[in-house]
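Only one structure is covered here, and it is reproduced in the block below.
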Amino acid sequence: MIHADIIRKEKLSPTVSTLYFHWDADVKPGQFVMVWAPGTGEIPMSLSHIGKEKAFTVKNYGPTSDMLIKLEPGQKVYFRGPYGRPFSVVKGKTLLIGGGSGMASLHPLINRNAFGLIAARTREEILFMNEFESGKVRVTTDDGSFGIKGNVLAGLKDLDVDAFDMIYACGPEIMLYNLYKYLKEKKVNAELSLERLMKCGVGVCDSCSINGFQLCRDGPTFTMDQLQYMNEFGTEKLTFSGTRVNVH
Amino acid sequence: MQLESPLILASGILDENGYTMRRILEEGAAAVVTKSIGSTERPGFTPPVVAELGENLLNAIGLSNPGIEHFADEISIAKGIRKPVIGSIFGASAEEFSTLASKMESYGADAIELNLSCPHVKGFGSEVGSDPDLVEEIVTEVKAKVSVPVFAKLTPNVTDIVKIAKAAEKADALVLINTVKAIHIDIYARRPTLSNAYGGLSGPAIKPIGVRAVYDVYRETSKEIIGCGGISNFEDVIEYMMAGARAVEVGTALKTAGRAIFDNIKTDIIRFMEAEGLDGIQEIIGAGVKR
Ligand SMILES: Cc1cc2nc3c(=O)[nH]c(=O)nc-3n(C[C@H](O)[C@H](O)[C@H](O)COP(=O)(O)OP(=O)(O)OC[C@H]3O[C@@H](n4cnc5c(N)ncnc54)[C@H](O)[C@@H]3O)c2cc1C
Ligand SMILES: Cc1cc2nc3c(=O)[nH]c(=O)nc-3n(C[C@H](O)[C@H](O)[C@H](O)COP(=O)(O)O)c2cc1C
Ligand code: FES
């Protein structure tokens, strides 16, 4: 287990904060770590900042993320990694599509060539909007409190997706599944970063698998071609005990 | 049971989801053992459930499983490819084991592996598997109940593994070994890393312990043995076979080498046999045991 002192904390919304720390490691966009809150739990977190200073951006969902979000500068974070196959970085125009805390894993890809489509439930949960160049971001909210009212597909309606050299997306599986179906018709280059339960992070426990591919090792990023053969994607998954259930 | 190679996927590693087992069979394993399944759904322990100790692993997954009633689908998905699927089960009594075994058999499992050896859950596994009388009773009842082969997987966490092996004599084969009971403490957090504190150690560190168990049991009994523990390359497989194993199970090495490990080891074994002028695996089994 690696440990580091938190040097800074930035509150992005009532339920989301970024925790910064020094960690001398080569991390690529889309990779993640398993973060340990001693006494509470251990969960996967993307690295939202991958320079000399690293950070993760955590949303408060349950017990473990709640413990992490309460940490303050001077306290320690414990984690192991980095794990997972990173996004492939391309030159040229990119489209970043992030749902909720999925924006965290896309953050390292924000640059001058990037256009952002941020999907949030409500105005308060919009992440990293101001980090895109002006005019190069649009937002959808489920409740219409900001930007376009509707889900991520509403934001794509009049956007020429063919104009991008690569599309990167991260968010809840159901959003990615709908996005996948939409993009499949368009023959575009896209990589989707999936989220599933992860107990081990190192490709042994099988809790994160889709059609025999381990998200923690073969993913979490997958190409459109790879996803096309995964019939469990968007349909079925295993619970914490291993019981097969529908994804939504 | 006929195997195309001696390489089997060990229980608890990438074998909870039927699609994963199927992929591992497609990518080169001769057979897979399912995750150990019990009578009722168990969530298992809260993460951290693994600690990475170099290439070794300490785990306390906690026998998480969906319960036998929910496992039929996974077996039939895995059996989409015609290779053996071995159903692993755990219970607290002979009666529970035999009920689970019949269910597994009815789902299409080609053999049953009795988990008498998980080291980190109270009331199951090694607590059952270190009592020779109970082991004998369980093996006897399960053998009477099913017609597919029955394997007994034993724990190294006992004073005399030969004694337990003899108690399990009625099994068609013995699987040696399960993980070694251990603890890891994070010195900065000043507490055990695993939420359960105790876990089972697997990986290269336990190979000599596994080889020793196979060696001893091979010398003292006439049982067929499946070696397990710390296998990560063809040399490890040959070593286990020379100690007396007929086949082996591979688990933790998938962390470092990925699913391709089965195909890679198979190729290397064939090369080794050619280079050593060996005609068949029979020539290797027990060849390293001092007489
Ligand atoms: C690759 C990857 C990257 C991610 N990156 C980020 C990120 O950058 N930022 C972010 O905010 N989120 C991220 N997530 C999501 C994040 O990991 C989850 O939000 C987190 O697991 C929530 O954990 P929790 O304990 O706070 O909440 P919970 O929802 O309470 O727990 C998480 C899940 O664990 C299960 N669980 C835990 N313990 C038990 C138990 N004892 N019994 C039964 N079930 C149990 C529950 O089923 C629950 O669904 C990422 C996920 C993945 C897979
Ligand atoms: C994550 C993990 C889960 C395991 N779960 C089980 C299990 O459910 N039943 C079982 O009989 N053995 C289980 N084992 C033990 C393995 O099957 C094997 O006996 C042990 O890991 C030694 O082999 P290895 O060094 O090749 O991993 C598990 C091991 C690991 C690492
Ligand atoms: S989290 Fe265990 S296999 Fe991916």
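The values are calculated or read from the model by the stated rules, or taken from the named source; none is laboratory data. Treat the numbers as computed from the prediction; the structure is a model and nothing was measured. Every residue, glycine among them, receives a Cβ derived from its backbone with ideal geometry; neighbour counts consider all protein chains shown. Side chains included, ligands, DNA and RNA excluded: accessible areas come from the protein's heavy atoms. Shrake-Rupley method; radii C 1.70, N 1.55, O 1.52, S 1.80 Å.
Numbers below:
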{"quantity": "No Cys partner within the rule (Cβ under 4.7 Å), the protein assembly as shown", "calculated": "A:Cys170, A:Cys208, A:Cys216, B:Cys118, B:Cys228"}
{"quantity": "Candidates per chymotrypsin sites (Phe, Trp or Tyr not before Pro) in the stretch A:1-76, loop by DSSP, up to 14 other Cβ within 10 Å", "calculated": "A:Tyr61"}
{"quantity": "Total accessible surface hidden between B and A, rounded to 100 Å², 1.4 Å probe", "calculated": "3100"}
{"quantity": "Normalised contact order of chain A, rounded percent, pairs of Cα under 8 Å and 6 or more residues apart", "calculated": "16"}
{"quantity": "Relative contact order (percent, whole number), the stretch A:119-222, Cα cutoff 8 Å, 6+ residue spacing", "calculated": "17"}
{"quantity": "Sequence ranges A:96-103, B:3-10, ranked by mean other-Cβ count within 10 angstrom, highest first", "calculated": "A:96-103, B:3-10"}
{"quantity": "Other protein chain Cβ atoms within 10 Å, averaged over every residue that makes up B:17-28", "calculated": "4"}
{"quantity": "Inter-label distance, nm, simple model (7 Å from Cα along the C-beta direction), A:Ser13/A:Ser145", "calculated": "0.9"}
{"quantity": "Charge tally in the Cβ shell below 12 Å around B:Gly125, where Lys, Arg are +1 and Asp, Glu are -1, B:Gly125 excluded", "calculated": "+1"}
{"quantity": "Per-peptide average of other Cβ atoms within 10 Å, ordering A:220-226, A:139-145, B:174-180 highest first", "calculated": "B:174-180, A:220-226, A:139-145"}
{"quantity": "Relative contact order (percent, whole number), chain B, Cα cutoff 8 Å, 6+ residue spacing", "calculated": "17"}
{"quantity": "As computed over the stretch A:94-246, the Cα convex hull volume per residue (Å³)", "calculated": "115"}
{"quantity": "Mean accessible surface per residue for the stretch A:2-83, computed with a 1.4 Å probe while every protein chain stays in place, in Å²", "calculated": "41"}
{"quantity": "For peptides B:195-202, A:150-157, sequence by mean Cβ density within 10 Å, most packed first", "calculated": "B:195-202, A:150-157"}
{"quantity": "Percent antiparallel among DSSP beta bridges (both partners in the stretch B:152-263, rounded to 5)", "calculated": "40"}
{"quantity": "Average other protein chain Cβ within 10 Å of Cβ, residues B:67-74", "calculated": "3"}
{"quantity": "Three-way shape label, chain B, alpha-carbon gyration tensor, a/c 1.5", "calculated": "rounded"}
{"quantity": "Per-residue mean of C-beta atoms belonging to partner chains within 10 Å, peptide A:36-42", "calculated": "5"}
{"quantity": "Whole-percent carbon and sulfur share, accessible surface of the protein assembly as shown, 1.4 Å", "calculated": "49"}
{"quantity": "Antiparallel bridge percentage (DSSP; both residues within chain B; nearest 5)", "calculated": "35"}
